[in-house]
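Just below is one structure, and these are the notes that go with it.
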Amino acid sequence: MEIELPWVEKYRPKKLDEVFGQANISQRLKSYIEKRNVPHQLYSGPAGVGKTSCAIALAKELYGENFSQNFLELNASDERGIDVVRQTIKDFARTLAFNADFKIIFLDEADALTRDAQQALRRTMERYTQTARFILSCNFSSKIIEPLQSRCVVFRFTGIPSEEIEKKLKEIAESEKLDIEKKAIDAIIYVAQGDLRKAINILQGSAFVSQKISEKNVYSVSSQARPEEIKEMISLALKSKFIEARNLLDKLMYEYGMGGEDVLIQLYRELLDFDEKVLNNKKKIELIDTVAEYNFRLVEGANERVQLEALLAQFMK
Ligand SMILES: Nc1ncnc2c1ncn2[C@@H]1O[C@H](COP(=O)(O)OP(=O)(O)O)[C@@H](O)[C@H]1O
Ligand SMILES: [Mg+2]
């Protein structure tokens, strides 16, 4: 059997023009290409919104066929350690660019670096600034030390809007000859929460099960419950119907294979969204506080099943 490329790679934008959303970021990057000059950059924002794609597209358009000689992609949280990362950067930056003025080093998860490692990175950046430009990528720019931030042009990426996710899913579904129902698209959008990588992965996971993508297989592939099921569990608990609420919890954990934290995160999300006529704001806040408390217990290693049942019992008070 032919091994299939992950769809997130297969459908990764090849040009800046194919990157969508991200107000003007691709326009600004294109102006760097026209001037053939690229500053150090810092991309910050949530996962799966086009940070890596922008860096790769920028380099591809800049270098053309010499892309692979001049572009290095690294992950700062490489399990082999920071020394390997540092050495790889030095080895790459030290030699001249191939048919270009400088190379580009893309360092993903830069916020995983300690402050000391970031200081060292800053020195490396300065030392090789003639021959290499850095693009750092992170989820939270607040975790990047000021001296690094001030040397970079900062670009803030945001979650991908539902319409754009829908467009991309339909495009892939067409090219992969999938039969996808509207409800399944909505389900993927619900689960992905603005993360397009997640959306594409769920689509591929569902397609692995069947070419016909239904809402049901989307939720089962992503180990999530339908929002209505979570709301139903909350309602039952609020009405002190413990056995029924617990049966629903069973379904989530054993039938859907949700972990304790998955359940809690979705509970939290649905609580926020719960009808105010049934649950006033004051009560909502109390319950969210309770969810947070139980989340802490799970992180500390308490038994998931027992804790979640205890949480449902709390809802009845
Ligand atoms: N803004 C975007 N425009 C087009 N495709 C995107 C965008 N953001 C994400 N994608 C899709 O999601 C996948 C993951 O995006 P990526 O750039 O790796 O995200 P990040 O680096 O922000 O985590 C890409 O392969 C691409 O298919
Ligand atoms: Mg990335």
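The values are calculated or read from the model by the stated rules, or taken from the named source; none is laboratory data. Bear in mind the structure is a predicted one, so any value in this text is a computation, not a measurement. Using ideal geometry, Cβ is built from the backbone for each residue, glycine included, and neighbour counts are taken over all protein chains shown.
Structure above, values below:
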read-out	value
Evaluation of residue 185 against (1) under 30 Å from residue 111 (Cα atoms); (2) over 16 Å from the mean Cα position of the chain (by Cα) (one fails), failing number	(1)
Top-ranked residue in the range 33-49 [being more than 7 Å from ligand 1 (Cβ to nearest atom) and among the aliphatic types (A, V, I, L, M); ranked as nearest to the chain's Cα centre (by Cα)]	42
Some residue of the range 304-315 being in contact with a Gly (Cβ under 9 Å, 6 or more places away or on another chain), of a type outside the set (Ser, Thr, Tyr) and either in a loop (DSSP other than H, G, I, E, B) or surrounded by fewer than 15 Cβ atoms within 10 Å (Cβ to Cβ) (or both)	yes
Conditions (1) more than 26 Å from residue 111 (Cβ to Cβ); (2) within 16 Å of ligand 2 (Cβ to nearest atom); (3) modelled with pLDDT under 90; number of the one not met by residue 21	(1)
Residue check for residue 216: without any contact (Cβ under 8 Å) to a residue 12 or more places away in the chain, surrounded by fewer than 18 Cβ atoms within 10 Å (Cβ to Cβ) and either more than 16 Å from ligand 1 (Cβ to nearest atom) or more than 28 Å from residue 311 (Cβ to Cβ) (or both)	yes
Which listed residue, of 158, 124, is in contact (Cβ under 8 Å) with a residue 12 or more places away in the chain and more than 16 Å from ligand 2 (Cβ to nearest atom)	124
Which listed residue, of 156, 197, 115, 133, is over 21 Å from the mean Cα position of the chain (by Cα) and either surrounded by fewer than 19 Cβ atoms within 10 Å (Cβ to Cβ) or within 15 Å of ligand 1 (Cβ to nearest atom) (or both)	115
Selected residue (only one of 109, 61, 79 is among the charged types (D, E, K, R) and within 14 Å of ligand 1 (Cβ to nearest atom))	109
Exclusive hit being modelled with pLDDT under 95, within 24 Å of residue 28 (Cβ to Cβ) and not aliphatic (A, V, I, L, M), set 131, 124	131
Of the criteria (1) over 29 Å from residue 253 (Cα atoms); (2) of a type outside the set (D, E, K, R); (3) free of Cβ contacts under 8 Å to residues at least 40 places away in the same chain, which one residue 185 fails	(1)
Single unsatisfied condition, residue 151 versus (1) within 16 Å of ligand 2 (Cβ to nearest atom); (2) assigned to a loop (DSSP other than H, G, I, E, B); (3) touching a helix residue (DSSP H, G or I) at 6+ places or on another chain (Cβ under 7 Å)	(1)
Matching residues in the range 219-230 - criterion: being farther than 19 Å from residue 8 by Cβ and surrounded by fewer than 19 Cβ atoms within 10 Å (Cβ to Cβ)	220, 226, 227, 228, 229
Single residue of 209, 218 found to be over 20 Å from the mean Cα position of the chain (by Cα) and either away from ligand 2 (no atom under 16 Å from the Cβ) or over 27 Å from residue 19 (Cα atoms) (or both)	209
Enumeration of residues in the range 36-61 that are part of a helix (DSSP H, G or I), within 9 Å of ligand 2 (Cβ to nearest atom) and either in contact with a Cys (Cβ under 8 Å, 6 or more places away or on another chain) or of a type in the set (Gly, Ala, Ser) (or both)	53, 55
